[in-house]
Each structure stands twice: as C-alpha cells, then as structure tokens.
1. How do the pairs read when you match residues in segment 188-201 that are free of Cβ contacts under 8 Å to residues at least 24 places away in the same chain and more than 12 Å from residue 296 (Cβ to Cβ) with residues anywhere that are open to solvent by less than 100 Å² (accessible area, probe 1.4 Å) and not charged (D, E, K, R), using Cβ under 7 Å and keeping only pairs 6 or more apart or on different chains?
2. If you go through segment 266-314 one residue at a time, how many are without any contact (Cβ under 8 Å) to a residue 24 or more places away in the chain and in contact with a Lys or Arg (Cβ under 7 Å, 6 or more places away or on another chain)?
3. So which residues in segment 60-87 are of a type outside the set (Val, Ile, Thr), in a loop (DSSP other than H, G, I, E, B) and either under 26 Å from residue 169 (Cα atoms) or more than 39 Å from the chain's Cα centre (by Cα) (or both)?
4. Given the condition within 14 Å of the chain's Cα centre (by Cα), modelled with pLDDT of 95 or more, surrounded by 18 or more Cβ atoms within 10 Å (Cβ to Cβ) and more than 26 Å from residue 89 (Cβ to Cβ), answer yes or no: does some residue in segment 128-139 qualify?
5. Using the structure shown, decide if residue 224 is of a type outside the set (Lys, Arg), open to solvent by less than 60 Å² (accessible area, probe 1.4 Å), within 28 Å of residue 320 (Cβ to Cβ) and not in a loop (DSSP other than H, G, I, E, B).
6. Tell me, yes or no, whether segment 13-25 has at least one residue that is of a type outside the set (S, T, N, Q) and either closer than 17 Å to residue 95 by Cβ or modelled with pLDDT of 80 or more (or both).
7. Being over 15 Å from the mean Cα position of the chain (by Cα) and charged (D, E, K, R) is the filter; apply it to segment 140-183 and report the residue that is surrounded by the most Cβ atoms within 10 Å (Cβ to Cβ).
8. Output the residues belonging to segment 102-135 that are polar (S, T, N, Q), more than 30 Å from residue 51 (Cα to Cα) and either part of a helix (DSSP H, G or I) or in contact with a Ser or Thr (Cβ under 8 Å, 6 or more places away or on another chain) (or both).
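The values are calculated or read from the model by the stated rules, or taken from the named source; none is laboratory data. For clarity, every value in this text was computed on a predicted model and none was experimentally measured. Quick reminder, even Gly has a Cβ in these numbers, built from the backbone with ideal geometry, and neighbours come from all protein chains shown. Surface accessibility is based on the protein's heavy atoms, side chains included, excluding ligands, DNA and RNA. Shrake-Rupley method; radii C 1.70, N 1.55, O 1.52, S 1.80 Å.
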Amino acid sequence: MKFKRLYTLIAGAALTAACAGGYVYYKWQQVETLTNKGPTRLYTVEKGSHAAGLITELAEGEVTPWALRLWLRGHPELVAIKSGTYEIKEGESLKETLSLFASGKEFHLSLTFVEGSRFEDWQKQLASAPYLERVTLEQDETELAHELGIDNGKLEGWFLPETYAYTVHASDLSVLRRAHQDMEAVLQHAWEKRQPNLPYKTPYEALIMASIIEKETGVPEERAEIAGVFVNRLRLGMKLQTDPTVIYGVKDRYDGNIRRSDLTDVNPYNTYVIDGLPPTPIAMPGKASIEAALNPKASDYLYFVAKGGGAHYFSKSLEEHNQAVRQYILKKS
C-alpha cells in the first residue's frame, strides 16, 4: 500500500514536471516566434538600451517577462546589442531583429557626386540629403579648408566624385572628409606613376588640369587626347583658351552663352587672357581625368573643336582648326 501511494506521488510529480516543462517550452516558442509589429521602418537603438526592453517594445507587450528572460539566457549572443539606427522589416522575427542589433550593421544611405560637379553643387546635395546633419553651415571656405587640412584654403576640386555611404545622423563634414582623403590618395597614386617631363610642378597643378579635362569632354576615350593638346600648348607657351575656365570665371553671369565680353574679361580663370593654368580647379575631376592629365596621349595636336555628341575634331594647325570651326560650329563648308 505504501509503495502504491509512493508511486502515485512520483507519477503525479512527474506529470506536474512534464506539464510545467511543456508550459515553459510553449512560452519559449512564443518568444522564439515573435515578430515585429508595424511596417518596415528605421528604428534607433539608444545607448544603454537592453535586449529585453527592446523586444517588449517591438512586440507591443505580447511577451511574458519571465519567459523572455529565460529565452535571452538561452541566446547570450543576442544580448550584447549595439546602439545605432537600423532598418527593421515588417513581419521579421524579433530574433532576427535582435541579431541585427547585436551585429551593429546600421542602416546606410548613400550620396552620389558626379564628375565635373562644383563644390557649390556638393553643398546643395549635402543640404538635401536625408538624415545627414549639417555641421558646416556656419563655416566659410577658409575655415572648412583648414578643418580638412587643405593648405591653400580653396575647396574646389579637392573631393573625389564617388558614391558615399553614411549612417543616420552622420555629419556632412564626415562625408567631405572621406571624399577629400580619397581624392588625395587617388591624386598621389597617379602623380607617382605619371609620365616624365610633364609641365606640372605639383600634384595640385595636375588636379587643375584634370578638372579642365573633365569639363571639356563627354567622351571618355578623348580624355588623354585632350590632355595631350593642353600639355602641348603649355610646353609651347600658348594660352590654353578653354571655354570651361571662362564660364567658371564669370560665375553667375553665365547664362548658357559665352559672349565676346566674357572672352576678354580680366579674371584669373580666363585662359584666353592669362598664361598657363588658372589658380584652382574649376570642378571635381574623376579618376579617369586625373589619369589622363598625368598620362596624356602624345600627338602634334594643338586645337580641337566640338563636332557633336560630345566628341571633338582635333587639328595640328590653326588653318585646319578654323576650317573645322566653319564646318562644325558655323556649319559652312
């Protein structure tokens, strides 16, 4: 009889334990299968946030606290979350979301700056970029140049046109700093591998030339040939006479047409008036234009004229050039 009662007690305890274990497993699975409430969106994990609190918030309270604590003890790799802004997806499991928070892989946006754009264009893009903090608004060009380590105080040309990723609440200064560092690296690498006996004293002069090349052609294959024309002119002491520098020099006065008064205007960028290169770049050159400036194509060409579609006709003599102007610009044979 005693054995029967003992058996009954043991069996009851086992059944209770089994039921309790089943209940714990059920609650564990509830936590395991919790999903985000709401649409796909950006979500910011603040410093000092805890995994349990985040799950409770994202599950909108549909979780048992003790079960959540037990579940987190079984997933220690998900507890060490990192602050930042993440993209969480509609219907995604909270286990996946917590894994994202633990990875530190924040949501990234991007900005693409095109070759040939000016610094003023970059400023407009930075000003309109979503989630990017503007910290350079109160800085003038000289102050910003000093902060970026640009010695001559001029910003034009010193940023590499590329696509730059950034996180939410990154600063415009951080984007500019990366673009400047990239430009310095590209320019220095190209300078070290340049052709011998080029008419540039410094990498900065090559950068100025690259910016002119960038604005002169829309045909990639012509960059080295155009560079060759300008190098030939510099070696002979001829004026560069390139329209993009004239446009840059007259600034807001340019309305789409270059007038005779623009060609005779006395300013440091008018290469119809000055000798040699202008004092600064006139745009942000890309890698290909920098490469062309430092590795120009050898030729006897001294002139070129646009013939349509972004391409040019190259000439060795003024007579041939004038004939090309009549044919392609004045439309006279």
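1. 188/203
2. Here the count works out to 1.
3. Narrowing segment 60-87 to residues of a type outside the set (Val, Ile, Thr): 60-62, 65-78, 80, 82-84, 86-87.
Filter again for in a loop (DSSP other than H, G, I, E, B), leaving 60-62, 74-75, 80, 82-83.
Within segment 60-87, 61, 62, 74, 80, 82, 83 meet the criteria.
4. no
5. Values: of a type outside the set (Lys, Arg): yes; open to solvent by less than 60 Å² (accessible area, probe 1.4 Å): yes; within 28 Å of residue 320 (Cβ to Cβ): yes; not in a loop (DSSP other than H, G, I, E, B): yes.
Answer is yes for this residue.
6. Residues of segment 13-25 of a type outside the set (S, T, N, Q): 13-15, 17-25.
Filter once more, so that each one left must be either closer than 17 Å to residue 95 by Cβ or modelled with pLDDT of 80 or more (or both): 25.
Yes - at least one qualifying residue is present in segment 13-25.
7. 156
8. Of the residues in segment 102-135, the ones polar (S, T, N, Q) are 103, 110, 112, 117, 123, 125, 128.
Still in the list and also more than 30 Å from residue 51 (Cα to Cα): 112, 117, 123, 125, 128.
Within segment 102-135, 112, 123, 125, 128 qualify.
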